[in-house]
Amino acid sequence: MNATASPRPEGKIRILIGDDHSVVREGLAAMIGRQGDMTVVAEAANGVDAVAEWAEHRPDVTLLDLRMPLLDGVGAIQAIRGKDRSARIIVLTTFDTDNDISLAIKAGAKAYLLKDTLREDLLACIRRVHSGETCIPAAVLAKLAIGLTQADLTDREQKVLSLLVQGKSNKEIGVSLYIAETTVKSHLRNIFDKLNVLSRTEAIAEAIRRGLVSL
C-alpha cells in the first residue's frame, strides 16, 4: 500500500469521486455518506487530479465521469490501472454510445453506469465492484456487444482463443497452429488485454459471453 494512503475506517468501502460538476460530486458524497459501510476519502474535478488523489488515498472503489478537463475518464482509468491493475473503477456518466462504453471497458472499468441510475442500483454496484464483481447493466451490454466483436482480435488471436476454449494447453495450441509456445503466450497476453481479463478461465467465460467463440 502507498505510504500516504489515508486511514481505512473499519469495515467501510473507501471511495474516490471524480467529476467536474461540483453538484454531482456533492450529491454523490452526501448519498454515500449516509451508508454505514461506505465513506468518501477524496474528490477530484478533473482527470489529472483524480489520478493524483487515487495515488495518495488508494481508494477501494473509484467513481469516474467520462468527460473531465485536463484528462478524460478513459485516460484517468488507464493512468490509474498503470499504477495498479487491480484498481476497481466505476464509470458514472451521461454518455452511452457503444464507442464510449467500449473504450471505458477496454481501459479497465469494472462497471459502467449512467447518471440516471437509481440510487439503490448505484450503491449495489459499488458493493459488487468492491467485492470483485463487474457491474454492467443489460442495456449497456447490448451496446457494448456492438462495439466489441471478433474484429477486435486478429485472425491468429481468434484461433488461439478458439483452441483455448476447447481446453487446449499452450503447448497443444502451439502444435495445432505450428507456432512456438512463447508465441502462444504472447497471443494470450494480447487476448487477455483486449478482453480485460486476468486468467484463462476469465478469458473463456468472457469470449463465450461476447459470442466470440461457440461451444
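Below is a table of values for the structure above.
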quantity	calculated
Condition met for Ala45 (at pLDDT 95 or above, surrounded by 16 or more Cβ atoms within 10 Å (Cβ to Cβ), among the small types (Gly, Ala, Ser) and closer than 26 Å to Leu118 by Cα)	yes
Tabulated pairs, segment 132-153, first closer than 19 Å to Leu118 by Cβ and in the same structural domain as Tyr112 (by TED's automatic domain parsing), second among the aromatic types (Phe, Trp, Tyr) and modelled with pLDDT of 70 or more, C-beta under 7 angstrom, 6+ apart or interchain	Ile136/Tyr112; Val140/Tyr112
Residue within segment 157-170 that is part of a helix (DSSP H, G or I) and modelled with pLDDT under 85 present	no
Segment 91-121, subset part of a helix (DSSP H, G or I) and without any contact (Cβ under 8 Å) to a residue 40 or more places away in the chain, residue surrounded by the fewest Cβ atoms within 10 Å (Cβ to Cβ)	Glu120
Which numbered condition Arg14 fails, given (1) in a strand (DSSP E or B); (2) closer than 24 Å to Phe95 by Cα; (3) basic (Lys, Arg)	(2)
Which numbered condition Ala124 misses (of (1) surrounded by 16 or more Cβ atoms within 10 Å (Cβ to Cβ); (2) among the aliphatic types (A, V, I, L, M); (3) closer than 22 Å to Gly11 by Cα)	(1)
Positions within segment 134-156 being under 16 Å from Ala104 (Cα atoms), outside any loop (DSSP other than H, G, I, E, B) and at pLDDT 80 or above, in sequence order	Cys135
Neighbours by Cβ (under 7 Å, 6+ apart or cross-chain): first from segment 22-51, free of Cβ contacts under 8 Å to residues at least 60 places away in the same chain; second of a type in the set (Asp, Glu)	Arg25/Asp19; Arg25/Glu43; Ala29/Glu43; Ala42/Glu53; Ala44/Glu53; Ala45/Asp20; Asn46/Asp20; Gly47/Asp72
Residues satisfying the stated conditions in segment 11-23, i.e. closer than 15 Å to Leu123 by Cα and among the aliphatic types (A, V, I, L, M)	Ile13, Ile15, Leu16, Ile17
For Arg88: the one exception among (1) under 19 Å from Lys12 (Cα atoms); (2) surrounded by fewer than 19 Cβ atoms within 10 Å (Cβ to Cβ); (3) under 16 Å from the mean Cα position of the chain (by Cα)	(2)
Boolean, Glu206 is at pLDDT below 85 and assigned to a helix (DSSP H, G or I)	yes
Pair list, Cβ under 8 Å, 6 or more apart: segment 191-208 residue over 13 Å from Lys106 (Cβ atoms), other residue loosely packed, with under 14 Cβ neighbours inside 10 Å	Leu198/Arg85; Ile208/Leu215
Segment 57-77, residues that are part of a helix (DSSP H, G or I) and touching a strand residue (DSSP E or B) at 6+ places or on another chain (Cβ under 7 Å)	His57, Gly73, Ala76, Ile77
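The values are calculated or read from the model by the stated rules, or taken from the named source; none is laboratory data. On a predicted model such as this, the values are computed, not experimentally measured, just so you know. Cβ atoms come from the backbone with ideal geometry, glycine included; neighbour counts cover every protein chain shown.
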